[in-house]
Amino acid sequence: MAMEWNERMAIGHDVIDQQHRELFRRFDILIEACRQACGKERIEELLYFLDSYVVTHFREEEGLMEGHAYPGVDEHKAQHRYFTGRLDALKADLKAKGVSTHLVISTNQILLKWIIQHIKNIDVQFGAFLKTRAQEAV
Ligand SMILES: [Fe+2]
């Protein structure tokens with residue numbers, strides 16, 4: 001098990017928290033496949049499996065931010081773009097050069113660390129904003 005979602009990463013929004021769990025699950029499958037030295041095709045397949053979910057999740061998170069007129073939306077989107085850029089670079093590397101399993105593992109661990117920090121430091125701010133909004137509405 002590479003890294004599991006835990007309550008300390010909860011932002012307090014059920015849908016987003018559930019999606020973060022799913023992100024971790026997909027990361028875990030990918031990193032485990034790398035550890036077991038799966039072939040390039042399998043790793044590529046799992047990387048796309050992760051990537052498609054990242055895209056969906058970011059889109060939903062950003063849609064929620066826009067829907068609530070969240071003031072930090074632009075900065076947050078820029079962070080998401082950075083991450084998808086890294087994933088795109090990894091996909092391109094894998095396709096072009098068939099990068100070593102070791103490189104894929106280490107890159108994924110860097111990306112996984114990024115996601116953890118992003119959730120704990122950035123997504124939680126949005127969660128706090130949503131809570132304030134909900135309290136104001138009462
Ligand atoms: Fe985010």
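Are there any pairs with C-beta distances below 8 angstrom linking a residue in region 110-126 that is closer than 14 Å to I16 by Cα to a residue that is within 7 Å of the ligand (Cβ to nearest atom) and basic (K, R), with the two at least 6 apart or on different chains, and if so which?
That search, which allows pairs on different chains as well, returns nothing.
Scan E61, E45, E4 and give me the residue that is part of a helix (DSSP H, G or I) and either over 23 Å from L130 (Cα atoms) or more than 16 Å from the chain's Cα centre (by Cα) (or both).
Unique residue meeting the criteria: E45.
Quick check on A33: is it loosely packed, with under 11 Cβ neighbours inside 10 Å and assigned to a helix (DSSP H, G or I)?
No.
For region 69-79, state whether one or more residues are open to solvent by 40 Å² or more (accessible area, probe 1.4 Å) and closer than 21 Å to N108 by Cβ. Walk me through how you get there before you give the answer.
Taking region 69-79 as the starting set, the residues that turn out to be open to solvent by 40 Å² or more (accessible area, probe 1.4 Å) are 69, 71, 74-75, 77-79.
Right, trim to closer than 21 Å to N108 by Cβ and you get 79.
Yes.
Yes/no per residue for (1) under 18 Å from W114 (Cβ atoms); (2) within 16 Å of the ligand (Cβ to nearest atom):
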residue	(1), (2)
V15	no, yes
Q18	no, yes
R26	yes, yes
K40	no, no
D51	yes, yes
V55	yes, yes
G63	no, yes
A69	no, no
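Name every residue in region 15-72 that is at pLDDT below 90 and touching an Asp or Glu at 6+ places or on another chain (Cβ under 7 Å), in order of residue number.
None - no residue of region 15-72 is at pLDDT below 90 and touching an Asp or Glu at 6+ places or on another chain (Cβ under 7 Å), so the list stays empty.
Out of G72, G63, G85, I need the residue that is in contact (Cβ under 8 Å) with a residue 40 or more places away in the chain and farther than 17 Å from A33 by Cβ. Which one?
Checking each option against the conditions leaves just G72.
Could you say which residue among V124, V104 is β-branched (V, I, T), within 16 Å of the ligand (Cβ to nearest atom) and out of contact with any strand residue (DSSP E or B) (no Cβ under 7 Å at 6 or more places or on another chain)?
That would be V124, the only listed residue that is β-branched (V, I, T), within 16 Å of the ligand (Cβ to nearest atom) and out of contact with any strand residue (DSSP E or B) (no Cβ under 7 Å at 6 or more places or on another chain).
Give me a count of the residues in region 77-101 that are in a helix (DSSP H, G or I), away from the ligand (no atom under 16 Å from the Cβ) and out of contact with any Cys (no Cβ under 8 Å at 6 or more places or on another chain).
Within region 77-101, residues that are in a helix (DSSP H, G or I), away from the ligand (no atom under 16 Å from the Cβ) and out of contact with any Cys (no Cβ under 8 Å at 6 or more places or on another chain) number 10.
Return the residues of region 106-124 that are open to solvent by 30 Å² or more (accessible area, probe 1.4 Å) and more than 24 Å from A10 (Cβ to Cβ); say none if nothing qualifies.
Matches in region 106-124: S106 only.
The values are calculated or read from the model by the stated rules, or taken from the named source; none is laboratory data. This structure is a prediction, so every number in the text was calculated from the model and none was measured. Methodologically, a virtual Cβ is constructed for each residue, glycine included, from the backbone with ideal geometry; neighbour enumeration extends over all protein chains shown. Just so you know, the surface numbers come from the protein's heavy atoms only, side chains and all, with ligands and any DNA or RNA stripped out. Shrake-Rupley method; radii C 1.70, N 1.55, O 1.52, S 1.80 Å.
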